[in-house]
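Trainee: There's a structure below that I have some questions on.
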Amino acid sequence: MTALRAPQPGAEELAEPLRSRWSPSVYDDAHTLGRDEIDQLLHAAQWAPSAGNSQPWVFFVCARGTANHARLVAHLSRGNSGWVPRAAVVFITAAHVSTGADPDAPAYSDYALYDVGQAAAHLTLQARAMGLHSHQFAGFDHEALAEDLDLPATHVLLTGIAVGLQGDPGEVDERTAARDQRVRDRVGLDEVARVGTWAEPWQ
């Protein structure tokens, strides 16, 4: 099955795997990833830059068929419960935000959330380089899953990253299949970049 390509214009100038990265919702539920492949994805995240090499990230590995996967599936939102479980593996990201459990404990890193985002991006690009697709999401009960995962008070759950092979749209419901046919676009650079002050958009 041919994956949808990056939207035009602009994306055609990007290097791989940036150019062909996108977020499908239809996954092959027979596909699995081996330990070595999962390690590759985690190593990509491991080598992301972070403030002072603080590495404030933890990735919970939820491979389909494991106890962690069952914990995640039990707490998915309705909109995500139909497609997320089909992915070969889901990574749940957590950020190290505090040095202690007390509410007034100093922050572990002022840039923890930023750094976890970079690590997640590295993982998704490595997935694409391996011929896989990823789809990030936040629709799950964060508090309940954190409790099931015994997450310490020094950390906070952020997002999930579903990874796997693109599947057959005929095997899923129409709503999920339709998600993969949506037009892919982005707001213009004049909305997200400034040449000077806030009032001076990039032209």
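Coordinate-derived values only; no laboratory data. Keep in mind that what you see is a predicted model, and the values were worked out from it rather than measured. Reconstructed Cβ throughout: ideal geometry from the backbone, glycine too, with neighbour counts over all protein chains shown.
Trainee: With only Lys, Arg, Asp and Glu charged, each at its Cβ (+1 for the first two, -1 for the last two), find how big the charge dipole of the stretch 96-203 is about the Cα centre; round to the nearest 20 debye.
Mentor: That gives a dipole near 600 debye.
Trainee: Taking Rh as the Kirkwood radius, which is the inverse of the mean 1/r over Cα pairs, what is the Rg/Rh value for the stretch 1-120?
Mentor: Rg/Rh for the stretch 1-120 comes to 1.02.
Trainee: Could you please report the charge total around E171, scoring K, R as +1 and D, E as -1 over all other residues with beta-carbon less than 11 angstrom from its beta-carbon?
Mentor: -3
Trainee: How much of the DSSP beta bridge set in the chain is antiparallel, as a percent to the nearest 5?
Mentor: Here the share of antiparallel DSSP bridges comes out near 100 percent.
Trainee: Next up: Rounded to the nearest 20 debye, what is the charge dipole size of the stretch 24-183 about its Cα centre when +1 sits on each Lys and Arg Cβ and -1 on each Asp and Glu Cβ?
Mentor: 380 debye
Trainee: In addition: Need the C-alpha centroid separation for the stretch 65-136 versus the stretch 175-196, integer Å.
Mentor: A separation of 22 Å, based on Cα centres.
Trainee: What FRET efficiency comes out for the pair A15/V183, r = Cβ-Cβ distance, R0 = 22 Å, nearest 0.05?
Mentor: The pair A15/V183 has a calculated efficiency of 0.40.
Trainee: Just the Cα atoms of the stretch 50-170, one point each, no solvent: what log10 I(q)/I(0) does Debye give at q = 0.11, 0.14, 0.21, 0.22 Å⁻¹?
Mentor: Each listed q corresponds, in turn, to -0.38, -0.61, -1.20, -1.27.
Trainee: Which residue, A15, A162, A95, tops the fluctuation ranking in a GNM of the chain built on C-alpha contacts under 10 Å?
Mentor: Answer for the Gaussian network model of the chain: A15.
Trainee: Further question: Compare the peptides 188-201, 101-114 by average per-residue count of other Cβ atoms within 10 angstrom and give them in order, highest first.
Mentor: Ranked by mean Cβ neighbours within 10 Å, highest first: 101-114, 188-201.
Trainee: Between D104 and A51, what length in nm is gained on full extension when 0.36 nm per residue of separation is reduced by their alpha carbon distance?
Mentor: Fully extending the segment from D104 to A51 adds 16.9 nm.
Trainee: On a full-extension model of 0.36 nm per residue, what is the gain between D39 and T197, subtracting their alpha-carbon distance, rounded to one decimal in nm?
Mentor: 52.5 nm
Trainee: Also, quick follow-up: Of the chymotrypsin sites (Phe, Trp or Tyr not before Pro) in the stretch 45-76, which ones lie in a loop per DSSP and count no more than 15 other C-beta atoms within 10 Å?
Mentor: W47
Trainee: Of the options P152, V172, Q55, report the single residue whose Cα projects farthest towards the positive end of the charge dipole of the chain (beta-carbon charges: Lys, Arg +1; Asp, Glu -1).
Mentor: Going by the Cα projections, it comes out as V172.
Trainee: Putting +1 on Lys and Arg Cβ atoms and -1 on Asp and Glu Cβ atoms, find which of A95, L41, W83 reaches farthest to the positive end of the dipole of the chain.
Mentor: It is W83, whose Cα lies furthest towards the positive end.
Trainee: Sticking with this structure for a sec: Tell me the relative contact order for the stretch 76-203 as a rounded percent, counting alpha carbon contacts under 8 Å between residues six or more apart.
Mentor: About 30 percent, as a whole number.
Trainee: Could you compute Rg(Cα) / (2.2 N^0.38 Å) for the chain, with N its residue count?
Mentor: The chain yields a ratio of 1.10.
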